[in-house]
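Take a look at the structure below.
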Ligand code: SAM
């Protein structure tokens, strides 16, 4: 039995027993691996970094979709950048109130191979008539986009290779331009215990640009290093501070049954620890 060793970090990492190698290819953009692991189920990695596993993907995908969509309250038009495994799309499609979903993924091979080997991630979401899948660089798409979105979800890999541009100042400026008046941008931002520079860089890029900016977090076991942070950048200050009873009403009203997200988790996720507040230069979680 061979092992898959994640190479995201030097001198520290995780390994997965490879029960069965399902697919491996060097695509036009990155090195794609999908394999079966006895504990985490099917696992997908890109360029040596774990992207998603069947066992814990629900935590990540529920937190990057239901938090902004339920906080917004009347989101109709959603943009997903990245997300080739299809999990983010699946969770957005569960909101019957959403009219249109655009997903911009740079690598067709990731979409195709995840449909085949990780079918439970997309779970048929690509066939939803509200979905428009665009194969393109998310930066090129948003730079030329004339549409306006209520929620933009950057489901990007780490800021290396094709994903690097999705952490740039230009990217956040373009997202700001393509958000409606109450629009919200959320973005995967790494595990601060090991990748503190990601939140520092993002904080510099979004403060001053968005009326309200912060981060929220959730522990996703296979994103090693403790809690993963998600950037929050909103044009409306109120949306991050909604009372718990409103969040509870909206969650109940959505009719969505989750395995991780609930209104209390939503509210508590924005309470960041001191070392992260210090890294982003905020005196408190206000
Ligand atoms: N949850 C993962 C994480 O936290 O690292 C991200 C998962 S998702 C698979 C990342 C996706 O972003 C991949 O499908 C990759 O092909 C896509 N991607 C990378 N760079 C991109 C770009 N510039 N534009 C659009 N998609 C991109």
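The values are calculated or read from the model by the stated rules, or taken from the named source; none is laboratory data. Not measured: the values here are computed from a predicted model. Cβ sites come from the backbone with ideal geometry, for glycine too, and all protein chains shown count toward neighbours.
Looking only at the range 15-39, residues that are within 14 Å of the ligand (Cβ to nearest atom) and within 23 Å of the chain's Cα centre (by Cα) come to 8 in all. Here residue 97 meets each of (1) assigned to a loop (DSSP other than H, G, I, E, B); (2) within 13 Å of the ligand (Cβ to nearest atom) with one exception, condition (2). Filtered by the rule that a residue be part of a loop (DSSP other than H, G, I, E, B) and within 14 Å of the ligand (Cβ to nearest atom), the range 124-157 gives 136, 137, 144, 145, 156, 157. The set of residues in the range 68-83 that are within 15 Å of the ligand (Cβ to nearest atom) and over 11 Å from the mean Cα position of the chain (by Cα) contains only 79.
Within the range 100-122, residues that are under 22 Å from residue 162 (Cα atoms) and within 12 Å of the ligand (Cβ to nearest atom) sit with their Cβ atoms under 6 Å from residues that are part of a helix (DSSP H, G or I) and at pLDDT below 95, at 6+ positions apart or across chains, in these pairs: 106/162. The set of residues in the range 11-38 that are over 15 Å from residue 223 (Cα atoms), part of a loop (DSSP other than H, G, I, E, B) and in contact (Cβ under 8 Å) with a residue 12 or more places away in the chain comprises 19, 27, 28, 29, 30, 38. The single condition among (1) more than 18 Å from residue 45 (Cβ to Cβ); (2) over 17 Å from the mean Cα position of the chain (by Cα) that residue 118 does not satisfy is (1).
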